[in-house]
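Engineer: Pasting in a structure now, in structure tokens, and then I'll have a few things to ask.
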Amino acid sequence: MNSGLVLTHDMALVLGLLAFTVLMLVLEWIRADLIALLIVVVIGVTRLVPVEQLFEGFAGNAVISLLGVMIMGAGLDRTGVLNKAASFILRLSHGVESRLSLLLNAMVGSLSSIMQSQALAALFLPVVSRVSARTGVPLSRLLMPMAFCILAGTNTTMISNSPLIVLNDLIVSANRNLPPGAQTIAPFSLFAIAPVGIPLLLTGLAFFALFTRRLLPAEEESQGVTPGRTETYFAETYGIAGEVFELTVTAESPLVGMSIAETEALRGAPLILAIKNGDETRLAPPADSMIWVGTVLGALGQRAAMEEFSNLNLLLAQTRLRYFRDMFNPTRAGIAEAVIPPNSHFIKQAVSDIRLRKRYGISVLAVNRGEEIFREDVRKLSLRAGDTLVLHGLWRDLAVAAETRDFVVVTDYPKEEGRPSKIWHATAFFALAMGLGLFTDIKLSIAMLTGAVGMLLTGVLKMDEAYGAINWKTIFTLACLIPLGWAMDTTGAAAWIAQEVLRYLGAWPQWALQGVIALLALFFSQIVSNVGATVMMVPMAINIALASNGNPAVYALVVAMSTSNSFIIASANPVLTLIAGPGGYRARDFLRVGLPLTLLLLIVMLVSVNLVFR
């Protein structure tokens, strides 16, 4: 690396863009994918990266590999592989908590090496709920270890998390701008990092095998029942209790001519779950449905409150269901919990705006946000990532709504298997993709697409389902932030930062420099996305390695793995956001369990990386 670099106009512009990106991602004034698109446009207009290279990120190895992995993961889920996994866990554990937890954590940790972490966590939420309900092991003692082991297991292959997927593209970019005489950095093959990732996963498994009962909150141990979720659970947690009544509207009732929304706003109004107007009967009546003489309402509430509301509004109430008996059969309908994931379209929308009643026939009964539960006037509440919705509807309608991936159903509910007859097709093409990545010199993107296309051709997935399986927000964010890393290389901004860092830390040994890089990467991953932190830190880390005579591949890998092993703040990782609500975890719970595990894995990672890549 050249010595005595001077800060140029282009370097300052890139550093300004970097600071702007961090600020916008922290403040969340603009969506992350829109910020990334803005950055790529600014880089193009200012010519910080050659225009012909600017959009290579969209067709790069990282993005295409991620597309293939997402599609194959959906194929494995569609054929019921994960349900078979749950049954296997139950059989082996015999209901013993320590054995159950270890088997569950080992399974998800292993699967996370070949599936995207957020998708895997979403798929396993109802699986763990079912296991918890059948064994009586508190969900709070299963979900956090499961999520942490998913993240620890993502360090085993180069396809299991976004920082590792983007790493090779950043290395290729760094190779274009190496100083004279520097040796080209070799990209990592599919399983090259397994000797580092396996010790990390084993450390996570050992950590929870030894300390789960000590570290997880004692008060949560007494919660007992989980979202298999019984009537008692919903009554105690949300106050949703009582019987289902049929309320017939008389000619004298003041409700005649009112809408469902107006009726629900009345003092003492029960939860209105169904309506019958004439010959038309439906669950979850839309807010604008009108009430007329002879309308029958299916309502849930306590007997005393229901009688008072009926007398006040001149309604005929009866608990013997005549019109709604089949609709309220627990094998057809019921109450379920669902979590809003970080990529949901429902975020920042009011409950009334997402129109679940009109679109799917599903009622929102309550919203759980951290330690707050909203039941009154819930329609006006603006939703956030991690919110838990309490829903009522037909199981069939719930399954259809869940296909949108705007919420993840936590409750184990009756649903049909997707395509169990295609399970061997799915596993065969998945194994083919892994084999091509491991045993041939075919690019990783081609190997992953081979498996995905094979699943599509054999009917494991339909093309529209494949489109639905892709998290386009992640794809756009990844593809648009990659040029920011390229700009740091091409302008020399990364080399200038490395030079300034080494003015103060130049005498430090390699392990200490790597430790500083790891802590910086960990810090940035808490306030921006792990992809953003990787894109910012890898060019700088490579230049520090070159200037200090270290191994640039090691430094780059330290950054990617450090941004992946973050367990301290729930909002810093989509996997942790997903499990926070269903597990009833608070910020201090993540800090108490996540901080010691993060530091432990940091040490194991630094030791393993230097032993494997000496």
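Engineer: Quick one: which of K348/K443; K443/K473; K276/K422 span more than 30 angstrom between C-alpha atoms?
Structural biologist: Result: K348/K443; K276/K422 exceed 30 Å.
Engineer: Can you give me the long-range amide H partners of A333? Hydrogens built in the peptide plane at 1.01 Å from N, cutoff under 5 Å, separation of 5 or more residues or another chain.
Structural biologist: It is W395, by chain and number.
Engineer: Helix 444-457: angle to the longest alpha-carbon principal axis of the chain, degrees 0 to 90, nearest 10?
Structural biologist: Long axis of 444-457 versus the principal axis of the chain: about 30 degrees.
Engineer: Show me, bin by bin at 5 Å from 0, the whole-percent P(r) of region 8-98 based on Cα pairs.
Structural biologist: In whole percents, the pair-distance histogram is 2, 10, 12, 13, 13, 11, 8, 7, 8, 7, 5, 3, 1, 0.
Engineer: Per-residue counts of other Cβ atoms within 10 Å, averaged by peptide: what ranking do you get for 561-567, 312-318, highest first? Intermediate results must be reported in sequence, preceding the final value.
Structural biologist: Values: 561-567: 27.9, 312-318: 16.3.
Output ranking for 561-567, 312-318: 561-567, 312-318.
Engineer: Leaving out ligands, DNA and RNA, what percent of the accessible area of region 102-173 is carbon and sulfur, probe 1.4 Å?
Structural biologist: Carbon and sulfur: 62 percent of the exposed surface of region 102-173.
Engineer: How far is helix 162-176 tilted, in degrees, relative to the longest principal axis of the Cα atoms in the chain, given as a value from 0 to 90 rounded to the nearest 10?
Structural biologist: 30
Engineer: Can you work out the Karplus-derived ³J(HN,Hα) for every residue in region 280-296? Use 6.51 cos²θ - 1.76 cosθ + 1.60 with θ = phi - 60°, whole Hz, and x for glycine or proline.
Structural biologist: In residue order, the calculated couplings are 8, 10, 8, 7, 6, x, x, 4, 8, 5, 9, 10, 10, 4, x, 4, 10 Hz.
Engineer: Right, here's the next one. May I ask for the angle, rounded to the nearest 10°, between helix 510-527 and the longest principal axis of the chain, with both axes built from Cα atoms and the value confined to 0 to 90°?
Structural biologist: 30
Engineer: Separate question: Net charge near L15: determine it from the other residues with C-beta under 15 Å of the C-beta of L15, scoring Lys and Arg +1 and Asp and Glu -1.
Structural biologist: -3
Engineer: Just to confirm, what accessible area per residue do you get for the chain at 1.4 Å probe, in whole Å²?
Structural biologist: 42
Engineer: Roughly to the nearest percent, how much of the accessible area of region 446-524 is carbon and sulfur, given a 1.4 Å probe?
Structural biologist: 72
Engineer: So what are the ³J(HN,Hα) numbers for region 566-579, from phi and the Karplus equation (6.51, -1.76, 1.60; θ = phi - 60°), rounded to whole Hz, Gly and Pro as x?
Structural biologist: 10, 10, 8, 10, 4, 6, 7, 9, x, 5, 5, 4, 5, 8
Engineer: Under 5 Å between amide hydrogens, which residues at least 5 positions from V410 or on another chain qualify, with H placed 1.01 Å from N in the peptide plane?
Structural biologist: Here E337, A338, V339 satisfy the definition.
Engineer: Test of understanding: given the chain, find the longest segment containing no GluC sites (Glu not before Pro) that are in a DSSP loop and have at most 13 other Cβ atoms within 10 Å.
Structural biologist: Details: sites that count: E28, E252, E371, E376, E403, E416, E417.
Here the longest segment lacking exposed loop sites spans 29-251.
Engineer: May I ask you to list the chymotrypsin sites (Phe, Trp or Tyr not before Pro) in region 402-463 that are in a DSSP loop and have at most 15 other Cβ atoms within 10 Å of their Cβ?
Structural biologist: none
Engineer: In Å, the Kirkwood hydrodynamic radius of region 353-403 over pairs of distinct alpha carbons?
Structural biologist: 11.6
The values are calculated or read from the model by the stated rules, or taken from the named source; none is laboratory data. If you're wondering where the values come from, they're calculated on a predicted model, not measured in any experiment. In this analysis, Cβ positions are derived from the backbone assuming ideal geometry, glycine residues included, and neighbour counts consider all displayed protein chains. The protein model used for the area step is the full one, side chains on, heavy atoms only, and it has no ligands, DNA or RNA in it. Shrake-Rupley method; radii C 1.70, N 1.55, O 1.52, S 1.80 Å.
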